[in-house]
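*Asks:* For reference, the structure I am asking about is given below.
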Amino acid sequence: MVNDSIADFLARIKNNIHRQKNEVIVPFNKKLEAIAQILKKEGFILDYKIEGKGIKKNIILMLKYVNGVSAIRDLKRISKPGVRIYVGYKDIPRVMGGTGIAIISTPDGILTGKEAKKRHIGGEFWCKIW
C-alpha cells in the first residue's frame, strides 16, 4: 500500500467537518504544514499549530465554521501517487468560479493555483478545496 499523506490529511479534515469537530490532528510533515499555511491564509481554517517533538510531531488544525457551516465545503485529491497529474500555468483551473483554491506543488514551493498562474509556473496539481 502506498502512503498518501495528502489524501489522509484531506480525509481527516472531511471526516471531522462531518462530525462538526473544532480540531483535526494529523501526523506532521512539511507538505502538510505548507497546505495548512495556505488554508489559513485563504481563510478556510482559523489557525494551526505544531505540537510534539521529533517523529511524534502533529499538526492541529482549528476548523472554521460560519453560522454552524464549515468554511470548507469539500476537498478533492487530484494527483495521486499512482497517477501524477501535472499542469502548465495556462491550464491551472479556477475552482468553483474562484471561490475555491487549487494547491499546486511547483519548483518555487507549494502555491495556490492563483499564485502559480501569476508567477507563470506549473507543477503537480495536488488537490482542490472549496
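*Asks:* Can you tell me the 0 to 90 degree angle between the C-alpha axis of helix 30-41 and the longest principal axis of the chain, rounded to 10?
*Replies:* Helix 30-41 sits at roughly 90 degrees to that axis.
*Asks:* Label points 7 Å out from Cα along the Cβ direction at LYS76 and SER5: separation in nm?
*Replies:* Reported label-point gap for LYS76 and SER5 is 2.6 nm.
*Asks:* Round to the nearest 10 and give me the degree value, 0 to 90, for the angle of helix 5-18's Cα axis relative to the longest principal axis of the chain.
*Replies:* So the inclination is approximately 50 degrees.
*Asks:* Order 52-63, 25-36 from most to least packed using the mean count of other Cβ atoms within 10 Å. Working shown, then result.
*Replies:* Details: 52-63: 13.6, 25-36: 17.2.
The most tightly packed comes first, giving 25-36, 52-63.
*Asks:* Given the Cα atoms of segment 75-129, and with Rh set as the inverse mean 1/r over their pairs in the Kirkwood sense, what is Rg to Rh to two decimals? Could the numbers behind the result be given before it?
*Replies:* On the way: Rg = 10.1 Å, Rh = 10.8 Å.
That ratio is 0.93, to two decimals.
*Asks:* Roughly speaking, what is the stretch gain from GLN20 to VAL83, that is 0.36 nm per residue apart minus the C-alpha to C-alpha distance, in nm to one decimal? Can you show the working numbers first?
*Replies:* Values: separation 63, 0.36 × 63 = 22.68 nm, distance 3.21 nm.
Residue separation times 0.36 nm, minus the Cα-Cα distance, leaves 19.5 nm.
*Asks:* Further, regarding this structure: According to a simple spin-label model (label point 7 Å from Cα along Cα-to-Cβ), what is the distance in nm between VAL66 and LYS114?
*Replies:* 1.3 nm
*Asks:* Taking only DSSP H segments of four or more residues, each worth -39500 (n - 2.57), what value at 222 nm results for the chain once the sum is divided by all its residues, to the nearest 500 deg cm²/dmol? Could the numbers behind the result be given before it?
*Replies:* Numbers: 3 runs with 33 residues, N = 130.
Result for the chain: -7500 deg cm²/dmol, rounded to the nearest 500.
*Asks:* Here's another thing I want to ask about it. Can you tell me which of ILE38, ILE101, ILE50 moves the most in a GNM of the chain? Springs connect C-alpha atoms under 10 Å apart.
*Replies:* ILE50
Quick note: the coordinates plus some simple rules give every number you see, no bench work behind them. No experiment lies behind these values; they were computed from the predicted model shown. A quick note on method: Cβ atoms are made from the backbone with ideal geometry, for glycine too, and the neighbour counts reach across all protein chains shown.
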